[in-house]
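Down below is the structure, laid out as structure tokens.
The values are calculated or read from the model by the stated rules, or taken from the named source; none is laboratory data. Model, not experiment: these values are computed from the prediction. Here Cβ is always computed from backbone atoms with ideal geometry, including for glycine, and neighbour counts include all displayed protein chains. These area figures cover heavy atoms from the full protein model, side chains too; ligands, DNA and RNA do not enter into them. Shrake-Rupley method; radii C 1.70, N 1.55, O 1.52, S 1.80 Å.
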Amino acid sequence: MRFCLLIVWLCLVFSAKLHAQENSLTFGVVPQQSPKKLAQNWQPLLDYISQYTGLKIDFKTAKDIPTFEANLEKGAYDIAYMNPYHFVVFHDAVNYRALARQKDTLIKGIIVVPKDSKVQSLDDLNGAEIAFPAPAAFAASIITSAALHKRNVAFVPRYVNSHDSVYLAVQHGFFSAGGGIARTLNKAPSQVKNDLKVLWESNGYTPHAIATKPNMAQSHRQAILKALLALTHDSSNAWILENLGFKGFIESVDSDWDDVRELGIMSLSRPHI
């Protein structure tokens, strides 16, 4: 009798664990900032989604952008917040499916220099070492580098793993300039941000995607989307969006990123434009 009860108990425990695993999803965030800062900014959003949907959402990131790209290629994240170029690449390679994106926002690449720099135009950067997060960082690296190439400005790219590292490196004078985006610059510590100025800003493109793996249940996708849209109109939790520097979310489809596809970027490791 005791043996039978033990078997029943073990079956119930196994069933509960299996159910928990089925309802546990990983949410990968592109490492534009330090893991600690990303967790502080994103965990409240994931908690909100979890409470709204009943799904367990686990925060994930990577030590740097190339590692994040490798994880996307392996399909390591059930849900991922990725830059526009990453979405185009990994939609084709892994079939990540668009779910949502920021509301009323376009992503723009910027080039920053020290506030007291004598550099007045992109042409003044000829021959300079310039910091970038990673080769395939869309707006911060690809778009900014393309602008320099278009003006025949010769430069030496130095990849420093994150947007925050770019701003710190330029602030401390390690490099003449650096590539980033307005949102991460605005979220940088005031002592860093106040020592920099924006030299150049690009045109706007469809911003980062929140996308899901192709095998995610449609019921899960819809539940997560409803949570994101609900938060957009939830004034009592507006601080969650402010924490991220977001205005809200809107539903998205894969074709929303056709403006990025039209740039004709050819390779993840050696992007061209």
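Pairs meeting the criteria (first residue in region 225-236 and touching a residue at least 60 places away in the same chain (Cβ under 8 Å), second residue part of a helix (DSSP H, G or I) and open to solvent by 60 Å² or more (accessible area, probe 1.4 Å), beta carbons under 7 Å, at least 6 apart or on different chains) are Ala227/Tyr52; Ala230/Tyr52. All conditions but one from (1) open to solvent by less than 70 Å² (accessible area, probe 1.4 Å); (2) touching a residue at least 12 places away in the same chain (Cβ under 8 Å); (3) among the aliphatic types (A, V, I, L, M) apply to Ala217; the one that does not is (2).
A search for C-beta distances below 7 Å between a residue of region 59-78 that is free of Cβ contacts under 8 Å to residues at least 24 places away in the same chain and any residue that is in a loop (DSSP other than H, G, I, E, B), counting only pairs 6+ apart in sequence or on different chains, returns Glu73/Val94.
Within this structure, Ser252 fails the test of being surrounded by fewer than 19 Cβ atoms within 10 Å (Cβ to Cβ), out of contact with any His (no Cβ under 9 Å at 6 or more places or on another chain) and small (Gly, Ala, Ser).
Is at least one residue of region 248-261 outside any helix (DSSP H, G or I), out of contact with any Pro (no Cβ under 7 Å at 6 or more places or on another chain) and modelled with pLDDT under 95? No, region 248-261 contains no residue that is outside any helix (DSSP H, G or I), out of contact with any Pro (no Cβ under 7 Å at 6 or more places or on another chain) and modelled with pLDDT under 95. Residues that are closer than 21 Å to Lys36 by Cβ and small (Gly, Ala, Ser) number at least 2 in the following helices (runs of 4 or more DSSP H) confined to region 80-193: 163-171.
The single condition from (1) at pLDDT 95 or above; (2) over 16 Å from the mean Cα position of the chain (by Cα) that Leu241 fails is (2).
Table: residues versus (1) open to solvent by less than 60 Å² (accessible area, probe 1.4 Å); (2) over 30 Å from Leu25 (Cβ atoms).
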residue: Tyr85; (1), (2): yes, no
residue: Asn95; (1), (2): no, no
residue: Ile130; (1), (2): yes, yes
residue: Tyr159; (1), (2): no, yes
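Scanning region 64-77 for residues that are over 30 Å from Gly173 (Cα atoms), open to solvent by 10 Å² or more (accessible area, probe 1.4 Å) and either in a helix (DSSP H, G or I) or touching an Asp or Glu at 6+ places or on another chain (Cβ under 9 Å) (or both) yields a total of 3. Looking only at region 167-201, residues that are hydroxyl-bearing (Ser, Thr, Tyr) and either surrounded by fewer than 18 Cβ atoms within 10 Å (Cβ to Cβ) or over 19 Å from the mean Cα position of the chain (by Cα) (or both) come to 2 in all.
Of all the numbered requirements in (1) out of contact with any strand residue (DSSP E or B) (no Cβ under 6 Å at 6 or more places or on another chain); (2) under 26 Å from Trp200 (Cβ atoms), Ala128 misses one, and that requirement is (1).
For region 204-218, state whether one or more residues are part of a helix (DSSP H, G or I) and modelled with pLDDT of 95 or more. Within region 204-218, one or more residues are part of a helix (DSSP H, G or I) and modelled with pLDDT of 95 or more. The residue list Thr144, Thr105 contains one member that is modelled with pLDDT of 95 or more and closer than 23 Å to Ala209 by Cα, which is Thr144.
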